[in-house]
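Notes to accompany the following structure.
Just so it is clear, none of the values below were taken in a lab; they were calculated from the coordinates. These figures come from a predicted structure and were not determined experimentally. Glycine gets a Cβ as well: all are built from the backbone with ideal geometry, and neighbour counts include every protein chain shown.
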Amino acid sequence: MPPMIFTIFLTISLITLASAFPHQRRQEKARIISHCTVPNTVALSFPWKSSQSHCRRDIVDTLKAAGATGTFFFNGRNWGCIYDQNSIDNVLYAYNNGMQIASHTWSHSHLNSLTQAQEAIEQITRALPACMRPPYGEYNDVVLEVAASRGQSVVLWDFECVSSDIYISRRSSAYSYPYSSGDSTGAPPATQMANYDALVERRPNTTLSLEHEIIESSAHQVVPYAVHKLKSAGYRLVTVAECLGMPPYQRVSDAKAQQSVSCTKYLFTTTPSFTDFF
């Protein structure tokens, strides 16, 4: 076959092959945040389950009294329902006192299942969260793609108030991020406070912390101690959004009549799809 004819034949063959196997558009993935970027800031972040109101309100009060702010990641249905009036009041209490509100998924499930916590938060506050935190720090490409489709960044952490002898590393082909558990597994307040002492002694430029404070002693002893210790060291205690220089919400809508919703909306009688749970 003459060279020119061969070249034409090869070109036609490649075009035909490309048509048979069209290029798959790469899915956009959410931004993963594990560190603050604004110098000299500390972002204290707290998960807030629907039933845990007394400790969390006290934390809001402690932060506000110190001229500080924090970020609260809300579940939709985890030991309670976010649409119950008490839970609605708690969300609004944090939001109206200047705290950032973000999504911690609906039921704190491992993230093969995500939910409409984002929708619930917007329904209650009129603010659509720009951030979500995956329970256990777990994520994979599918989680990142769904988060991106919802306009959310995925927030992790670089410090957790944890007992020095408790450290769990979870690794798989789809996920690799160290997860440790401190106050959530019973580390005493004295241990948690000592960890803040060590943090201040190291004097990192920024810190993005994961707090739990699911028991009264942690909320009433550890948080006030940490706030005082960090402010005395010259840090600014801000929200996750502030420590990144980004907006906390995708949008804040005008006041509108609240829809009639309840957690029974999400009690499925059939197996839901993945995106039903975000």
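Structural remarks
- The ranking of SER45, SER103 from fewest to most other beta carbons within 10 Å of each one's beta carbon is SER45, SER103.
- Ranked by the mean number of other Cβ atoms within 10 Å per residue, highest first, peptides 194-205, 83-94, 28-39 order as 83-94, 28-39, 194-205.
- When each of the peptides 129-142, 54-67 is scored by the mean number of other C-beta atoms lying within 10 Å of its residues, the order from highest to lowest reads 129-142, 54-67.
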